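Enquirer: One structure is given below, represented as structure tokens, and several questions about it will come after.
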């Protein structure tokens, strides 16, 4: 470019005086092995020169400077006995930069003699990242874990590299080392190496066939190949494989590329994984050879797994806690009904004690507890009578009765503290061991609704839909949970036997969890608004986070104006759960869920439904009628 300007100057002034070039291109020589220009000088690029007129008359330099400006030189400076002139190295009329996580590099036009190396075919030019100048700062960081030299050929000064690709590299490196400090003993940093980054056009043409999916991507700055440092600390070749890096790329770079307006390309090779930016709707996944697949994995299995990982990560459904040790320490995964269930083994939760003046102090020395002792014993006896009517394992009766007494037979305030923990433990054990089922094990039948909403019960229960209130185990427990008594037998005023303020019970909450873990296939939720959705948080968490047999969840919202509120609430829960749950005990990812308005169908109560409800109520109330008759006889 500077030569072209000189040609214009020479043609213009040759008739007036001769031009003398004192210095232009510079490079190391015998006198100056490191060259005689400071770092970053434009002389190294052929973009600067020092000029005189041949007869040495300095009074002619102002005229020469005028001609230089007219010829299009970008910089002209009078240095006394000569002019210093230069052309910009940036592309365009003003400097522009490509911003990377840890650096901003100037965009440039390549030297004229080197265009063959840097130009890209017109068919690919729209994908090309602007050419930038490394400025010989090879050791400068582009991101936390990589420098400029990691991404480019050390023999070239200019290169192309998408900042999105650098972000992808950093996210893969961070994911690989995410929980190092939490391991026992702590693990060393494992270096993820850029095996191939930018390649100039001639180099990539020699390396890749035109039919290769990697063709004309490295020279555009939109592709890289990653591997592990084989000499690095903590690298196990059987564990730290290209297939492992491919998974991190799918999980981390899939959403990143989507948000930036691209799709991802992932290719599995013997010693590395290829990661490239592709056009939207042009996702590409391939394996160079079946031998490069993980053990016992077919190519179709790998494709499906990668595709699923990308889709789930884009939708924010991958379960990956910020702190693995904390998430797994506090994990409390629900389990299905089973005689081998042991609450002590199941729960690793460590509850923090509440502090502050408004903390609830548990106590069992209350008037309510004293008044209800006999009534609580009656409820325990009633339920045990119902349980023993069915076939019961000979050695189980005593254990069940002990658990039930610890659940319904005790009395105390507060939903925290040792007394509450004991209630939860004993209730949970009883519900898991008792010989009354949930009856929702068939796929696609499980429905949830807010128990007090009788209108939505019509949608959730009956026919081919099953809900918790239809479960035999629910019928066994609900009468006692909602039982009332008369503090003064001579008065008609009744009070709850288990009120939230005086003697709360965890039974309904535990029942909803148990019902949720027994679900399979599609699960449907029916709510009026955000408040009802909030009330169903516990079973929804079990369904989305722990139940591995659930395929998808549909949430129907009756109040149209609450759709966005319900959707936002559920999405906020999912974001929290996916970043705070232990992957050792959860699903790999949250199943798809949809929040939508109510279906157009209108369900009406049938005579059979009314009769069934009446019989159920009669069955639940028989003991109450019996107790009243006994009292009247006395």
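The values are calculated or read from the model by the stated rules, or taken from the named source; none is laboratory data. Everything numeric in this text was worked out from a predicted model, so none of it was measured. Because the Cβ atoms are built from the backbone with ideal geometry, glycine has one as well, and the counts that use them run over all protein chains shown.
Enquirer: Which one is nearest to the chain's Cα centre (by Cα), of the residues in the range 441-469 that are surrounded by fewer than 20 Cβ atoms within 10 Å (Cβ to Cβ), free of Cβ contacts under 8 Å to residues at least 60 places away in the same chain and closer than 26 Å to residue 403 by Cβ?
Expert: Residue satisfying both the conditions and the ranking: 451.
Matching residues to (1) outside any helix (DSSP H, G or I); (2) in contact with a helix residue (DSSP H, G or I) (Cβ under 8 Å, 6 or more places away or on another chain):
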| site | (1), (2) |
| --- | --- |
| 150 | no, no |
| 153 | yes, yes |
| 172 | no, yes |
| 190 | yes, yes |
| 213 | yes, no |
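Enquirer: Do we have any residue at all in the range 207-219 that's closer than 24 Å to residue 295 by Cα, more than 27 Å from the chain's Cα centre (by Cα), surrounded by 14 or more Cβ atoms within 10 Å (Cβ to Cβ) and assigned by the TED database to the domain that holds residue 265?
Expert: No, the range 207-219 contains no residue that is closer than 24 Å to residue 295 by Cα, more than 27 Å from the chain's Cα centre (by Cα), surrounded by 14 or more Cβ atoms within 10 Å (Cβ to Cβ) and assigned by the TED database to the domain that holds residue 265.
Enquirer: Mind telling me which of the residues 321, 334 ends up being within 17 Å of the chain's Cα centre (by Cα), modelled with pLDDT of 95 or more and not in a helix (DSSP H, G or I)?
Expert: Of 321, 334, the one residue that is within 17 Å of the chain's Cα centre (by Cα), modelled with pLDDT of 95 or more and not in a helix (DSSP H, G or I) is 321.
Enquirer: Please verify whether residue 360 is closer than 30 Å to residue 485 by Cβ and at pLDDT 95 or above, treating the condition exactly as stated.
Expert: No, not satisfied.
Enquirer: Looking at 254, 316, which is the one that is under 20 Å from residue 591 (Cα atoms), surrounded by fewer than 16 Cβ atoms within 10 Å (Cβ to Cβ) and touching a residue at least 24 places away in the same chain (Cβ under 8 Å)?
Expert: 316
Enquirer: Does residue 285 qualify as being free of Cβ contacts under 8 Å to residues at least 40 places away in the same chain, in contact with a helix residue (DSSP H, G or I) (Cβ under 6 Å, 6 or more places away or on another chain) and surrounded by 22 or more Cβ atoms within 10 Å (Cβ to Cβ)?
Expert: When the stated conditions are applied, residue 285 does not pass them.
Enquirer: Further question on the same structure: Within the range 268-276, identify whether any single residue is part of a helix (DSSP H, G or I) and in contact (Cβ under 8 Å) with a residue 40 or more places away in the chain, and answer yes or no.
Expert: Within the range 268-276, none of the residues are part of a helix (DSSP H, G or I) and in contact (Cβ under 8 Å) with a residue 40 or more places away in the chain.
Enquirer: Right, another one. Would a scan of the range 454-470 turn up a residue that is under 21 Å from residue 340 (Cα atoms) and modelled with pLDDT of 95 or more?
Expert: No - not one qualifying residue is present in the range 454-470.
Enquirer: Follow-up. Within the range 407-425, how many residues are without any contact (Cβ under 8 Å) to a residue 60 or more places away in the chain and assigned to a helix (DSSP H, G or I)?
Expert: 4
Enquirer: Give 574, 543, 557 a once-over and let me know the one that is buried (at least 21 other Cβ atoms within 10 Å of the Cβ) and under 27 Å from residue 326 (Cβ atoms).
Expert: 543
Enquirer: Okay, next question. Hey, among 123, 91, which residue is in the same structural domain as residue 199 (by the TED database) and either more than 25 Å from residue 279 (Cα to Cα) or within 50 Å of the chain's Cα centre (by Cα) (or both)?
Expert: It is 123.
Enquirer: Of all residues in the range 69-110, count the ones that are loosely packed, with under 13 Cβ neighbours inside 10 Å, outside any helix (DSSP H, G or I) and at negative phi.
Expert: 8
Enquirer: Could you grab me the full set of residues in the range 470-485 that are touching a strand residue (DSSP E or B) at 6+ places or on another chain (Cβ under 9 Å) and surrounded by fewer than 16 Cβ atoms within 10 Å (Cβ to Cβ)?
Expert: 482, 484 - these are the residues of the range 470-485 that are touching a strand residue (DSSP E or B) at 6+ places or on another chain (Cβ under 9 Å) and surrounded by fewer than 16 Cβ atoms within 10 Å (Cβ to Cβ).
Enquirer: Quick one: which residue in 131, 142, 106 is in contact with a helix residue (DSSP H, G or I) (Cβ under 7 Å, 6 or more places away or on another chain), closer than 21 Å to residue 43 by Cα and in the same structural domain as residue 172 (by the TED database)?
Expert: Among 131, 142, 106, only 131 is in contact with a helix residue (DSSP H, G or I) (Cβ under 7 Å, 6 or more places away or on another chain), closer than 21 Å to residue 43 by Cα and in the same structural domain as residue 172 (by the TED database).
Enquirer: Which residue, of 436, 448, is in a strand (DSSP E or B), closer than 29 Å to residue 524 by Cβ and in contact with a helix residue (DSSP H, G or I) (Cβ under 6 Å, 6 or more places away or on another chain)?
Expert: Selected residue: 448, the only one of 436, 448 that is in a strand (DSSP E or B), closer than 29 Å to residue 524 by Cβ and in contact with a helix residue (DSSP H, G or I) (Cβ under 6 Å, 6 or more places away or on another chain).
Enquirer: If you don't mind, another one. Check whether at least one residue in the range 242-253 is assigned to a loop (DSSP other than H, G, I, E, B) and in the same structural domain as residue 113 (by the TED database), and report yes or no.
Expert: Scanning the range 242-253 turns up no residue that is assigned to a loop (DSSP other than H, G, I, E, B) and in the same structural domain as residue 113 (by the TED database).
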